[in-house]
Each structure stands twice: as C-alpha cells, then as structure tokens.
Amino acid sequence: MIRLVKKANQNKTKTFRGYTPFPHQIAVHTALNKSYRSGNIYVVKARRQVGKSVMVEQELLRFAINYKDTVSACVCPTLSQARKMFQDIINSIYDSGVVMKKNETLLEIVLINGSKIFFKSAEQKDSLRGYTISGILCVDECAFISDEVFYELLLAWTNVHSAPILLTSTPKFKLGFFWNYWNIGVQKTNPNVIAIDFNKYDTTALLSKERLEEYRKLLPKGQFLTEYMGEFLDSQSI
C-alpha cells in the first residue's frame, strides 16, 4: 500500500515508496513540510473519494518516522473509522521492520525509534482528556465532530509542544470549528491558520466526471453539494 521511507529534505516534498501523491495531496505535504512544533493549524476542505485519508495517514507516518520519540494521534468521528485508519497504516508498514509493537485494542502503534501513533474516536468524549501530542494531531471528518470535543478536549493536547494540527473534512454547514478555522485560513486573519482547498485541483483521476454525474442524479442536492462538490451549506439548509 503506502510507505514513507526516508526523511524529507526540508526544502523538498517528501519522498514516498508505493505512494505517488496527486497535486492536491502534494499541496498538503508541502505546507506541512516545516510544521514541526510550529503550532500551526492546517485546514483541508475536500470532497469525497479524492485520497484525503491516505494523505492523513502519510503525515502521521512522516512525523512518527522522522521525529523520534514523538507522539502523534488521529481522531475520527467514530471508532470504526479510527480502527480503519489504524489498520491501513499497519497493513502498509508492518513488514517494513519499523514497527516495534501494535495494540489492536487501544489502537496504538509504537515504532522502533520510540515514536507512537494512536487513534481515537470523538465518541469517547471525556475519556479523551489528558493526552499530550509532540508530533502531529490529525482530526479527520471534522464537520462531523462537535465543537465541545474539539475545543474542550482535543485542542489542549497540542499546547505543551506547540504541535501542528491537521484538520480535514468534507464540508457540511457554515458553523462549527471546522468552518470557523476554514474562514480564518481563507481570510488570512491569522498567519498560523492555513487553508487548503482540494476543489482548486483536478481530482478527476480519482473521481471521474461520469461518476460525479451519477452521484448528482442519485443524491439529495444538499448531500451532493457537500460530499461531492466540496461546498459548505448555509446553516439553514437541509
């Protein structure tokens, strides 16, 4: 599947084996290239089926492999989504010799350089208190995670080490923390918040125009606009 094999030159896009990133994925990797302990927040707005989760998995691997003894994490809306990302990474690197141990119950991976990646679900709520991230915090499908979970529980994880945060999601309504940070990034009112829009890139290699048209005919308009056109809806929209 995918494997990150060497530390990136700080002035170049990262080098991968078995993973050839598309331009929209490269944009995220490049933006995060010097993000270690930057405290930056990267907001990625993406339509479905364009390789968002694979890109997140690569960043988790890059931080864990290139920065030893760090702790990185990915939080997903549901436990099944968190488990899938855990398993994807295990499948991609387990025979590479970089994994020291894995815990399929706790969804934790420890590498031979002492770095750890763990996966959590937003459903766990109060049990998410007390973690500290020194690598990167990735929050996937943010539009489906509550403000309470992000602001009151997850955001504090990055304080001690000024760890960067990667927020990724298909958009939903014009409200909530994902929309708020997206607006800050687009308007450039805070230099530490960077917005990246996958809609600016040609993603037809992953989602063809023909398949997109099928979804347009089959899905309710609001769902099609958010999931496959990557557009935010007014909060009053159905």
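Once you have the Kirkwood Rh of the range 115-238 from its Cα pairs, apply Stokes-Einstein at 25 °C and 0.890 mPa s and quote D in µm²/s.
Details: Rh = 16.3 Å.
The calculation lands on 151 µm²/s.
Strictly over 24 Å apart at the Cα level, which of 52/174; 188/209; 120/221; 34/68; 34/125; 34/209 would you flag in this model? Mind showing how you got there, number by number?
Values: 52/174 21 Å; 188/209 32 Å; 120/221 32 Å; 34/68 16 Å; 34/125 31 Å; 34/209 35 Å.
Too far apart for the 24 Å limit: 188/209; 120/221; 34/125; 34/209.
Give me the extension gain from residue 20 to residue 108: residue separation times 0.36 nm, minus the current Cα-Cα distance, reported in nm with one decimal. Write out the running numbers ahead of the final one.
On the way: separation 88, 0.36 × 88 = 31.68 nm, distance 2.59 nm.
So the extension gain works out to 29.1 nm.
Ranked from the most accessible area to the least, with a 1.4 Å probe and all protein chains present, what is the order of 57, 227, 213, 152?
Working: 57 0, 227 35, 213 75, 152 110 Å².
Greatest to least solvent exposure: 152, 213, 227, 57.
Taking the Cα centre of the chain as origin and charging only Cβ (+1 Lys, Arg; -1 Asp, Glu), how large is the dipole, in debye to the nearest 20? Provide the component values of the computation, followed by the final result.
Values: 31 positive and 22 negative charges, 148 e Å.
Charge dipole, the chain, about its Cα centre: 720 debye, nearest 20.
Rounded to a whole number, what % of the accessible area of the chain do carbon and sulfur atoms account for, probe 1.4 Å? Before the final figure, lay out the partial values.
Numbers: 5620 of 11480 Å².
For the chain, the apolar C and S fraction of the accessible surface comes to 49 percent.
Report the gain in length on full extension from residue 69 to residue 33: 0.36 nm times residue separation, minus Cα-Cα distance, nm rounded to one decimal.
11.1 nm
Starting from the 7 Å offset along Cα-to-Cβ, what nm value, one decimal, do you get for the label separation of residue 49 and residue 223?
Those two pseudo-labels are separated by 1.4 nm.
What residues from the range 179-196 fall in the zone where the backbone N is under 16 Å from a label point 7 Å along the Cα-to-C-beta line of residue 159?
Once the point is set 7 Å along Cα→Cβ of residue 159, nothing inside the range 179-196 turns out to lie under 16 Å by backbone N.
Sorted from largest down, what three extents in whole angstroms do the Cα atoms of the range 100-152 have along their principal axes?
Ordered largest first, the range 100-152 gives principal extents of 35, 22, 21 Å.
Cut-off 14 Å, label point 7 angstrom out along Cα-to-Cβ of residue 174: give me the residues of the range 203-238 whose amide nitrogen falls inside.
Only 231-238 fall inside the zone, counting backbone N under 14 Å.
For the chain, list the cysteines whose Cβ sits under 4.7 Å from no other cysteine Cβ?
Cysteines lacking a close Cβ partner in the chain: 76, 142.
Tell me the label-point distance for the pair residue 147, residue 200, using the 7 Å Cα-to-Cβ offset, in nm and rounded to one decimal.
It works out to 2.7 nm between the two label points.
Which one, 219, 115, 156, is farthest towards the positive end of the dipole of the chain when Lys and Arg carry +1 and Asp and Glu -1 on their Cβ?
115
I'd like the Kirkwood hydrodynamic radius of the range 151-221, using the inverse of the mean 1/r over distinct C-alpha pairs, in Å.
Values: mean 1/r = 0.0665 Å⁻¹.
15.0 Å is the Kirkwood radius here.
Quick one: net charge around residue 206, please, counting Lys, Arg +1 and Asp, Glu -1 for every other residue with C-beta under 11 Å from its C-beta. Spell out each step's value before the answer.
On the way: positive: 47, 48, 52, 211; negative: 202.
Local net charge: +3.
Under a crude label model (7 Å from the Cα following the beta-carbon direction), how far is residue 99 from residue 87 in nanometres?
About 1.3 nm separates the two model spin labels.
For the chain, what is the relative contact order in percent, using Cα pairs closer than 8 Å and at least 6 residues apart in sequence?
Working: 450 pairs, mean separation 60.0, N = 238.
For the chain, the relative contact order is 25 percent.
Any idea of the accessible area per residue across the range 112-238, 1.4 Å probe, to the nearest Å²?
Per residue, the range 112-238 has an accessible area of 51 Å².
Where does helix 79-93 land angle-wise versus the long Cα axis of the chain, in degrees 0 to 90, nearest 10?
In the chain, helix 79-93 runs at an angle near 50 degrees to the longest axis.
The values are calculated or read from the model by the stated rules, or taken from the named source; none is laboratory data. Values in this document were obtained by computation on a predicted structure and should not be read as measured data. Please note: Cβ atoms are built from the backbone with ideal geometry, for glycine as well, and neighbour counts cover all protein chains shown. We work out accessible area using only protein heavy atoms, side chains counted, and drop any ligands, DNA or RNA first. Shrake-Rupley method; radii C 1.70, N 1.55, O 1.52, S 1.80 Å.
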